[in-house]
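The values are calculated or read from the model by the stated rules, or taken from the named source; none is laboratory data. Since the model is a prediction, treat every value here as computed from it, not as a measurement. Backbone-built Cβ (ideal geometry, glycine too); neighbour counts: all protein chains shown.
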Amino acid sequence: MAKKSKLLEYADDVWKGREDSSAYHTGVLRREGLHEIAEGVHMWPAFGNVYAFETEDGLFWYDTGDARTAGRLFDAVRTITDQPLHTAVYSHGHIDHIYGTVPFDTEAAERGLPRPRVVAHEAVLPRFDRYVATHGWNTVINQRQFQSPGINWPTEFRRPDTTFSDRSTLRVGDLEVHLRHGKGETDDAAIAWIPERGILCCGDFFIWASPNAGNPQKVQRYAREWAESLRWMAGLGAELLLPGHGLPIVGAERVRTALSDSAALLETLHDQTVTLMNAGATLDEVLSQVTAPAELMAKPYLNPSYDEPEFVVRGIWRLYGGWYDGDPSRLKPAGRGALAREVAQLAGSAEQLGERAKELLARGDDRLAGHFAQMAVDADPDSKAAHQSRTEIFRALEKAATSTMSKGVFGWAVAESRAVLEGSDRDSELRARTEGRAQWAF
């Protein structure tokens, strides 16, 4: 059972709706160092959370955090204990979870101690190889997703010392940890269940937001398998849920509810999509007919603040149906510029397309407005009037968007057009737009 702490009291208030999660997301809690959330169990509330367990043989960690905060994590740990880091488990291979052991590796070498053992699912290794091979692409898409031109995707990784396939059991001192592989946001996830303590470390299977199962710029996600893992976790009877992002959840009933609701959302999106696909529906028809239950979307831990159900549906389509969306004109489409120039000729000019975009936005047709604004720029990339319209439209779409995914793409478009209007470059426009704003970035 978790012991009371300031952080857990705050988590309780967030669950009950008495507080929002801004103190977590802005790093206020991290400045206070490690938070003890159960006897001998500590949380480092970073962009990717780190959980440290004291044992008689040294520290056991679930997740290790990102490179930016590794030094501060080391200092925070050393303010409460001089125990060596014995073993760390990666919940998965995303870069906000895999760099925190590096200062402890250095310390071990200086003290003549064994290097900390890192354990991960076997699919983490090919992930790192893919990251090296697609370094440039990952730099671009993460700059766009987080509107952060300073991101430069790494090519060196702290690789695991030990990997497992399906299940594994670790013993570190008096602590027995049961690892189980699951597919969800990634194909390399490792769930840690500590039955003697009733503690479940779930990684990014739960992040206090609508499941990140449809990221439009990233590799395949697995909605059905994600739901299956959530159902399995919900049946464990855990008393304390430690998520990859966001605050702990205390109490078996709350844990079960949060995990079950998340599973139900993914299941209904998956099943509705597959039913329509089996009936021969096109992607356009699927997107217009699949709905997320309002009662689930109203839950504070299923808010579409990072990903969106619509993107999850697209991910399910991509998994089962490939990239063809059912529109024969898009099987071998003309280039965007060629199509846009033809439409602009019909409309009178690229500027007319931009003006129409603003009219559509004014009457509430946001999606149509986006089409026309982009088409105006595609038809005449040098038109200042077209870029002005594109700036206005996508700034409005960004402001109305709820998810990081949408805001990132729309904000990137604004920065591109502002760069044309100002005679600057996109990165400087992004920096100007985000100066002073807390960012979710690696």
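Reported count of residues in the range 136-156, each being surrounded by 14 or more Cβ atoms within 10 Å (Cβ to Cβ), without any contact (Cβ under 8 Å) to a residue 60 or more places away in the chain and farther than 24 Å from ARG395 by Cα, is 2. Considering SER329, SER349, the condition of being surrounded by fewer than 16 Cβ atoms within 10 Å (Cβ to Cβ) and small (Gly, Ala, Ser) is satisfied by SER329 alone. Figure legend. Inter-residue proximity from the range 250-264: first residues over 13 Å from TRP226 (Cβ atoms), second residues in a strand (DSSP E or B), beta-carbon distance below 6 Å, spacing 6+ or different chains. Indicated pairs: VAL250/LEU240; VAL255/LEU241; VAL255/ILE249; ALA258/ILE249.
Comparison of PRO333, PRO300, PRO304 shows that the only residue that is part of a loop (DSSP other than H, G, I, E, B) and modelled with pLDDT under 95 is PRO300.
None of SER428, SER424, SER389 is farther than 23 Å from SER288 by Cα and assigned to a loop (DSSP other than H, G, I, E, B) except SER424.
Per the conditions (1) more than 24 Å from the chain's Cα centre (by Cα); (2) in a helix (DSSP H, G or I); (3) at pLDDT 95 or above, the sole criterion not satisfied by LYS399 is (1). Looking at GLU267 and the list (1) surrounded by fewer than 16 Cβ atoms within 10 Å (Cβ to Cβ); (2) more than 30 Å from THR26 (Cα to Cα); (3) of a type in the set (D, E, K, R), which single condition is not satisfied? Every listed condition holds for GLU267 apart from (1).
Looking only at residues in the range 46-57 that are surrounded by fewer than 21 Cβ atoms within 10 Å (Cβ to Cβ) and modelled with pLDDT of 95 or more, the one that is farthest from ARG171 (Cα to Cα) is GLU54. Checked across the range 230-253, the condition of being charged (D, E, K, R), surrounded by fewer than 24 Cβ atoms within 10 Å (Cβ to Cβ) and touching a Leu at 6+ places or on another chain (Cβ under 9 Å) holds for at least one residue. Of the residues that make up the range 91-112, is at least one under 24 Å from GLY33 (Cα atoms), out of contact with any strand residue (DSSP E or B) (no Cβ under 9 Å at 6 or more places or on another chain), among the aromatic types (Phe, Trp, Tyr) and modelled with pLDDT of 95 or more? Yes, there is a match, as at least one residue in the range 91-112 is under 24 Å from GLY33 (Cα atoms), out of contact with any strand residue (DSSP E or B) (no Cβ under 9 Å at 6 or more places or on another chain), among the aromatic types (Phe, Trp, Tyr) and modelled with pLDDT of 95 or more. For PHE74, are the conditions met, namely being part of a helix (DSSP H, G or I) and closer than 17 Å to ASN49 by Cβ? Taking the combined requirement at face value, the residue satisfies it. Starting from residues that are surrounded by fewer than 22 Cβ atoms within 10 Å (Cβ to Cβ) and on the phi < 0 side of the Ramachandran plot, keep the ones in the range 195-208 and report whichever is farthest from the chain's Cα centre (by Cα). The selected residue is GLU196. Taken over the range 164-214, residues that are in a loop (DSSP other than H, G, I, E, B) and either modelled with pLDDT under 95 or not polar (S, T, N, Q) (or both) amount to 21.
For the structure I just gave you, tell me whether ALA357 is over 29 Å from the mean Cα position of the chain (by Cα), in a helix (DSSP H, G or I), loosely packed, with under 13 Cβ neighbours inside 10 Å and of a type in the set (A, V, I, L, M, F, W, C). Taking the combined requirement at face value, the residue does not satisfy it. If the condition is being touching a Leu at 6+ places or on another chain (Cβ under 7 Å), in a loop (DSSP other than H, G, I, E, B) and not β-branched (Val, Ile, Thr), then the range 80-113 contributes GLN83, PRO84, GLY100.
For the range 33-45, filtered to residues that are assigned to a loop (DSSP other than H, G, I, E, B) and of a type outside the set (A, V, I, L, M, F, W, C), the residue that is surrounded by the most Cβ atoms within 10 Å (Cβ to Cβ) is PRO45. The residue list LEU287, LEU319 contains one member that is outside the structural domain of TYR222 (by TED's automatic domain parsing), in contact with an Asp or Glu (Cβ under 8 Å, 6 or more places away or on another chain) and either free of Cβ contacts under 8 Å to residues at least 24 places away in the same chain or assigned to a helix (DSSP H, G or I) (or both), which is LEU287.
The rows are residues; the columns are (1) free of Cβ contacts under 8 Å to residues at least 40 places away in the same chain; (2) of a type in the set (Gly, Ala, Ser); (3) within 29 Å of ARG159 (Cβ to Cβ); (4) not assigned by TED's automatic domain parsing to the domain that holds ALA190.
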position: ASP20; (1), (2), (3), (4): yes, no, no, no
position: VAL28; (1), (2), (3), (4): yes, no, no, no
position: LEU34; (1), (2), (3), (4): no, no, yes, no
position: HIS42; (1), (2), (3), (4): yes, no, yes, no
position: ASN49; (1), (2), (3), (4): no, no, yes, no
position: PHE53; (1), (2), (3), (4): no, no, yes, no
position: TYR90; (1), (2), (3), (4): no, no, yes, no
position: GLY93; (1), (2), (3), (4): no, yes, yes, no
position: ALA109; (1), (2), (3), (4): yes, yes, yes, no
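Candidates in the range 163-221 are the residues that are touching a Cys at 6+ places or on another chain (Cβ under 9 Å) and β-branched (Val, Ile, Thr); of these, the one that is farthest from ALA258 (Cα to Cα) is VAL177.
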